[in-house]
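For reference, the structure is listed below as structure tokens.
None of the figures in this text is laboratory data; all of them are computed from the coordinates on show. For clarity, every value in this text was computed on a predicted model and none was experimentally measured. All Cβ positions, even for glycine, are placed from backbone atoms using ideal geometry, and neighbour counts span all protein chains on display.
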Amino acid sequence: MKVSVKTPATVANLGPGFDSFGLALPLYNVISVEETVLPGSGIEINIINEKNNEDSIIDIPTDKNNIVYKAIELLYNFIGQSPNELKITIKTQIPISRGLGSSASVIVGGLIAANELLGHPADEKVLLSIATEIEGHPDNITPAFVGGITMSSWEKDGSVVYNKLPWNDEWKLMVCVPDYELNTEISRSVLPKEVPMKDAIFNLKRAAMFVQALHTKDEELFKLALKDKLHQPYREKLVPGLAEITKNLKHTNGVIGTVLCGAGPSVLVIYNGIGVSEIKEIVANTWNFHNVNTNFFNLPIEKEGAVKII
Ligand code: HSE
């Protein structure tokens with residue numbers, strides 16, 4: 001039996017919600033898990049890059065160190081078993097190491113597929129908890145799983161508490177993807193262990209504004225909310241041009257806010273439907289100056305999350 005699951009890309013943090021807020025985008029990976037019939041055939045992991053570009057899938061392990069395998073192994077352990085004969089196929093379309101949740105997407109897809117193969121021993125709560133244990137934070141995992149825009153928290157007991165937030169469909173997303181990769185570990189390594197109290201308070205207020213602005217569709221409040229002092233300022237040195245792009249887009253007609261996608265290096269511009277070409281020009285020219293080319297994706301929010309396709 002073979003199960004395939006399609007899971008969306010995600011953008012985490014969304015400004016003030018470091019390690020908590022995230023949204024799903026209609027760019028997908030497909031993860032298939034198959035029980036091989038031949039006993040002793042072991043674990044086979046194949047990675048197929050459907051975009052056929054230079055993304056470094058070569059760096060992704062295809063042995064038991066693969067994150068999808070590790071997640072599936074935890075699920076088997078949950079029911080007191082170990083995986084013996086499995087074939088895992090990961091078809092990637094989501095750009096890798098660009099802050100678009102490619103790892104969360106494959107972890108979630110692999111877990112849902114394996115859970116299906118095993119006859120649903122785990123519910124959503126268990127799957128979210130296993131996926132987050134592998135990923136380390138729930139902000140990409142939750143929207144990859146349930147779609148939409150979410151706030152999530154990984155609690156001390158290992159559970160993930162999340163809520164879906166409403167979205168104003170008049171607010172549009174432009175995802176600006178530079179042509180270089182940034183490893184999440186490196187991007188987390190530049191963050192301080194402690195932050196000044198005033199910066200924590202700044203983000204606390206913005207996160208509250210963020211949730212309220214989504215509920216009331218208040219654009220002015222949302223503009224204020226999309227700011228951050230906990231991670232973006234530290235990551236600017238890893239994303240040349242980020243500060244200039246944010247500054248230059250601040251007064252551009254139609255722009256509501258500019259945020260780093262997850263750990264970067266992609267940038268998400270939230271705008272109200274006007275000024276598309278001006279936004280693109282500012283981002284492309286700024287990154288061009290730093291010898292970086294940009295791919296643009298104008299996308300709605302993906303509302304469904306992971307879906308079983310076979
Ligand atoms: N919240 C995480 C970070 C997302 O910013 O490091 C990356 O996976």
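When Lys and Arg each count +1 and Asp and Glu each count -1, what net charge do the other residues less than 13 Å away from Val211, Cβ to Cβ, add up to? Could the numbers behind the result be given before it?
Details: positive: Lys164, Lys205, Arg206, Lys217; negative: Asp218.
Once positives and negatives cancel, what remains is +3.
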Quiz prompt | Computed label-point distance, nm, for sites Tyr76 and Thr36 using a 7 Å Cα→Cβ extension | solution = 1.2
Quiz prompt | Sequence-separation-based contact order of the range 172-299, relative, with Cα cut under 8 Å and 6+ spacing, percent | solution = 40
Quiz item: Any idea what the dipole of the range 218-282 comes to, in debye rounded to 20, about its Cα centre with Lys/Arg Cβ at +1 and Asp/Glu Cβ at -1?
Solution: 260
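For the range 1-93, what's the relative contact order in percent, using C-alpha pairs closer than 8 Å and at least 6 residues apart? All intermediate terms of the calculation are to be shown ahead of the outcome.
Numbers: 147 pairs, mean separation 33.0, N = 93.
About 36 percent, as a whole number.
Which FRET efficiency value, to the nearest 0.05, is calculated for Lys250 and Asn84 with the Förster distance at 45 angstrom and r the Cβ-Cβ distance?
On the way: r = 56 Å, r/R0 = 1.24.
Approximately 0.20, to the nearest 0.05.
For Cα pairs less than 8 Å apart in space and 6+ apart in sequence, what is the mean separation divided by the residue count of the chain, i.e. the relative contact order in percent?
Values: 699 pairs, mean separation 80.0, N = 310.
Relative contact order here is 26 percent.
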Quiz item: Mind checking the angle between helix 197-216 and the chain's longest principal axis? C-alpha axes, 0 to 90 degrees, to the nearest 10.
Solution: 80
Quiz item: What spacing in nm lies between the two simple spin-label points modelled at Asp179 and Leu224, each 7 Å away from Cα in the Cβ direction?
Solution: 4.2
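If you put +1 on each Lys and Arg Cβ and -1 on each Asp and Glu Cβ, how big is the dipole of the chain around its Cα centre, in Debye rounded to 20? If you can, show how the numbers build up before the last one.
Numbers: 28 positive and 36 negative charges, 140 e Å.
Using Cβ point charges on Lys, Arg, Asp and Glu, the chain gives about 680 debye.
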Quiz item: What does a probe at Lys308 reach in the range 87-127, counting residues whose amide N is under 14 Å from the point 7 Å along Cα→Cβ?
Solution: 109-124
Self-check item: Which of Thr216, Leu260, Ile245, positive extreme of dipole for the range 172-299 (C-beta unit charges)
Solution: Thr216
Practice problem: Order by neighbour count: Ser189, Ser102, fewest other Cβ atoms within 10 Å first, most last. | Solution: Ser189, Ser102
Quiz item: Using alpha carbon centroids, what distance separates the range 195-268 and the range 281-299, in Å?
Solution: 19
Quiz item: Computed FRET efficiency, Cβ-Cβ of Glu170 and Glu44, R0 51 Å: what is it to the nearest 0.05?
Solution: 0.60
Quiz item: Under a point spin-label approximation (7 Å from Cα along Cα-to-Cβ), what is the Lys198-Ser159 distance to one decimal in nm?
Solution: 3.9
